[in-house]
Amino acid sequence: MTASLAAVDRDRLAALIGRERAAYRASFPASRDAFADGGNHLLGGVPMTWMRMWPGGFPLFHAAASGARVTDIDGHEFIDFCLGDTGAMAGHSPVAVQAAVARRYADLGGAATMLPTQDAAWVAAELTRRFKVALWSFTLTATDANRWAIRLARQLTGRPKIAVFSYCYHGSVDEAFIVATPEGPRPRAGNVGAPVDPCETTRVMEFNDPAALDRELSHSDVAAVLMEPALTNIGIVLPEAGYLDAVRELTRRHGVLLINDETHTFSAGPGGCTAAWGLEPDMVTIGKSIAGGIPAGAYGLSAELADRILADPTADIEDTGGVGGTLAGNALSVTAMRATLGEVLTDEAFDGMIGVATRFTAGVRSVLDSRRLPWTITQLGARAEYRFCPDPPRTGGQSEAAADGELDEYLHLYMINRGILMTPFHNMALMCPASTAADADAHTATFAAAADELLG
Ligand SMILES: Cc1ncc(COP(=O)(O)O)c(C=O)c1O
């Protein structure tokens, strides 16, 4: 029995979900028809199968988007807290990125030439200013940044395995689909066509447990710990005081590289958690938001590691050695990164985004407190997420145990039906530079109404 059951009448919840589903079907006929008519040759009826995760039986179809607003093909405008699950943390189509992309693609011409552009040096220097590590290379996705960072880590250490935290998510990285259970590690449920059992490639432990990390690293077969400094893909799980220091001390003691995946934790500030919390990773990976929604990712590493990999005669990083991609570092992505980092996701912009997220969090907390709902909300800079347990989870396993599919569906539908988009995989809200205090307040009011109907 989940903690939420203590406060929620399941029959009432089922009735409310039925009502909200009916309202959804009635309110979005063009999307409903587009989904029904258009999907004969699309796997699962959508351009990418995750898009089936939206509640209500069909996704809204996107017509237009600007800043913190999305408009569907029925003409409804939404306050967007999903922001493309972080892909649009800079806001939708920010003007500076529009201009840079138009100039590169239309005025100057050429997205993919296999030649460097001068923007790349600026972007790399800016990433170093923010995330500290010295040398950068570009990818098209955060997944690829992680894949290539892992390959480099194995090459550099001569060790075969990586270590991750239970219920982490780092993209479709084969090694990371593993969870820790009392009976030992096991592949994550639903792992599609795994090339090899991840128990052979990966060590896994719960977050916030230094002894478990010490135990897993003591086998001397781990090349790198790949981690989000705070878990963000199983609710938000913050590190306890001293935990990240222990991670760094243990990785150093065991000769293991530390890779910070800042793809989501970038919400903590202009240099992600790495800068906000003074962390010292050996490598940093990032993607999603850094090019204003144009596909781009990056991995960075220390000067010492870079020298070693460049000097390694057995590491082919220039041709078919397993790192790199034809369109990675292309001129369009790079100019979009320059515009996004230089003009949109600036240090000042983060102050505003974090301010709105703080207001959002306080609003939700006031609703939970006044209704005595046994749920919790956790903020990580410009991002906040509620979870159906009374105390913030300490581990991925605890957070997973607090999942509640019915409550998720009810709250997501309730919000969409009233003009608010939340991230479908989460109860997560992310702020972009265009998000406003009024947006946060609109969410608080709608959340309060949803809670009151639930509690009767
Ligand atoms: C922390 C983290 N890293 C990497 C990724 C992979 O990003 P992408 O799917 O854009 O490759 C994700 C995606 O959700 C993520 O949350």
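The values are calculated or read from the model by the stated rules, or taken from the named source; none is laboratory data. These numbers come from a predicted model, not from an experiment. Because the Cβ atoms are built from the backbone with ideal geometry, glycine has one as well, and the counts that use them run over all protein chains shown. Each accessible area value is taken on the protein alone, full model and side chains, heavy atoms only, with ligands, DNA and RNA left out. Shrake-Rupley method; radii C 1.70, N 1.55, O 1.52, S 1.80 Å.
One table, with the values for the structure above:
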{"item": "Tally, over region 222-239, of residues that are away from the ligand (no atom under 14 Å from the Cβ), crowded, with 24+ Cβ neighbours inside 10 Å and closer than 12 Å to GLN379 by Cα", "result": "0"}
{"item": "Residues within region 77-121 that are out of contact with any strand residue (DSSP E or B) (no Cβ under 9 Å at 6 or more places or on another chain) and either open to solvent by less than 60 Å² (accessible area, probe 1.4 Å) or not polar (S, T, N, Q) (or both), tallied", "result": "25"}
{"item": "Boolean, GLY190 is without any contact (Cβ under 8 Å) to a residue 40 or more places away in the chain and open to solvent by 10 Å² or more (accessible area, probe 1.4 Å)", "result": "yes"}
{"item": "Near pairs, Cβ below 8 angstrom, 6+ apart or cross-chain, from region 291-311 (open to solvent by less than 80 Å² (accessible area, probe 1.4 Å)) to any residue that is of a type in the set (D, E, K, R) and part of a helix (DSSP H, G or I)", "result": "GLY297/ASP144"}
{"item": "Region 145-156 residues that are closer than 16 Å to VAL225 by Cβ, paired with ones that are open to solvent by 20 Å² or more (accessible area, probe 1.4 Å) and among the charged types (D, E, K, R) (beta carbon under 7 Å, 6 or more apart)", "result": "ILE150/GLU175; LEU156/ARG308"}
{"item": "Filtered residues of region 148-181 (kept if open to solvent by 10 Å² or more (accessible area, probe 1.4 Å), closer than 21 Å to THR395 by Cα and either of a type in the set (A, V, I, L, M, F, W, C) or modelled with pLDDT under 95 (or both))", "result": "PHE177, ALA180"}
{"item": "Residue ID - most open to solvent (accessible area, probe 1.4 Å), chosen from residues in region 274-290 that are of a type in the set (A, V, I, L, M, F, W, C) and not in a loop (DSSP other than H, G, I, E, B)", "result": "ALA276"}
{"item": "Residue within region 202-220 that is more than 27 Å from CYS389 (Cα to Cα), away from the ligand (no atom under 13 Å from the Cβ) and in a strand (DSSP E or B) present", "result": "yes"}
{"item": "Residue list for region 412-431, filter: farther than 12 Å from TYR386 by Cβ, in contact with a strand residue (DSSP E or B) (Cβ under 7 Å, 6 or more places away or on another chain) and part of a loop (DSSP other than H, G, I, E, B)", "result": "GLY419"}
{"item": "Some residue of region 253-273 being part of a loop (DSSP other than H, G, I, E, B), in contact with a Phe, Trp or Tyr (Cβ under 7 Å, 6 or more places away or on another chain) and within 12 Å of the ligand (Cβ to nearest atom)", "result": "yes"}
{"item": "Residue count, region 45-58 (criterion: open to solvent by less than 60 Å² (accessible area, probe 1.4 Å) and more than 20 Å from the chain's Cα centre (by Cα))", "result": "4"}
{"item": "All helices (runs of 4 or more DSSP H) inside region 82-201 with 2 or more residues being away from the ligand (no atom under 15 Å from the Cβ) and of a type in the set (A, V, I, L, M)", "result": "95-102, 119-131, 142-157"}
{"item": "Residue list for region 299-320, restricted to those being of a type in the set (Ser, Thr, Tyr), modelled with pLDDT of 95 or more and within 30 Å of the chain's Cα centre (by Cα)", "result": "TYR299, SER302"}
